[in-house]
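Inspection log for the structure reproduced underneath, given as structure tokens.
Read the figures in this text as sums done on the coordinates, not as results from a lab. All figures in this text were calculated on a predicted structure; none of them were measured in a lab. Every residue, glycine among them, receives a Cβ derived from its backbone with ideal geometry; neighbour counts consider all protein chains shown.
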Amino acid sequence: MSWWGKVVGGTFGFMMGGPLGALLGAALGNYFDTGLDGINLDDSLGLGATERVQSVFFTTTFAVMGYIAKSDGRVTKDEIALADQVMRRMNLNERQRTVAINLFNEGKKPHFPVHEVLAQFKRESFRRRNLVQMFLEIVVATHLLMVEWTRENNMYWKKLRVILVITKISLMNYYQG
């Protein structure tokens with residue numbers, strides 16, 4: 001299994017855009033590892049050169065969804081279905097879906113830098129209240145809606161703590177911005 005595309009993409013992405021750039025670069029570098037060389041970022045994400053904020057929103061949304069999904073130690077079929085539903089609501093094409101899945105998987109990794117990713121989201125979404133609101137609706141509200149709340153179900157209470165921390169960080173970043 002080749003990994004050079006991820007390393008080069010992640011390194012270049014980090015140099016250009018910090019932790020979120022590294023995630024996006026690694027996700028796109030995966031195309032080279034799987035033989036889909038020559039991918040065009042503009043075609044893949046449907047972004048123009050001046051739409052960096054949308055790219056950061058896309059990257060943050062799917063990576064943090066993966067982070068929340070894995071926060072209790074396992075990812076359920078319902079959480080995968082939730083991510084798929086978000087992709088469908090966003091009308092992602094096949095390439096965009098692949099990038100979103102790679103970002104979701106990056107978020108599941110044990111040392112995912114959630115605080116750095118959210119800090120970069122803060123910088124990029126500064127004074128864009130609608131993006132912060134949309135992020136919270138997609139990432140937080142949808143996870144809260146699908147959880148079966150029972151007193152003895154500890155994994156859900158752990159997930160709730162993670163969701164509340166992300167909400168607090170996002171809101172603090174917005175209002176302190």
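Brief remarks follow.
- In sequence order, the range 62-71 has phi-based couplings of 6, 5, 6, 4, x, 4, 5, 4, 8, 4 Hz under the Karplus curve 6.51 cos²θ - 1.76 cosθ + 1.60, θ = phi - 60°, and Gly or Pro positions carry x.
- Residues residue 111 and residue 88, FRET efficiency given R0 of 30 Å [Cβ-Cβ distance, rounded to 0.05]: 0.50
- Residues 126, 58, sorted so that the one with the fewest Cβ neighbours within 10 Å comes first: 126, 58
- Modelled label reach - residue 119, point 7 Å along Cα→Cβ, the range 68-105 residues with backbone N closer than 16 Å: none
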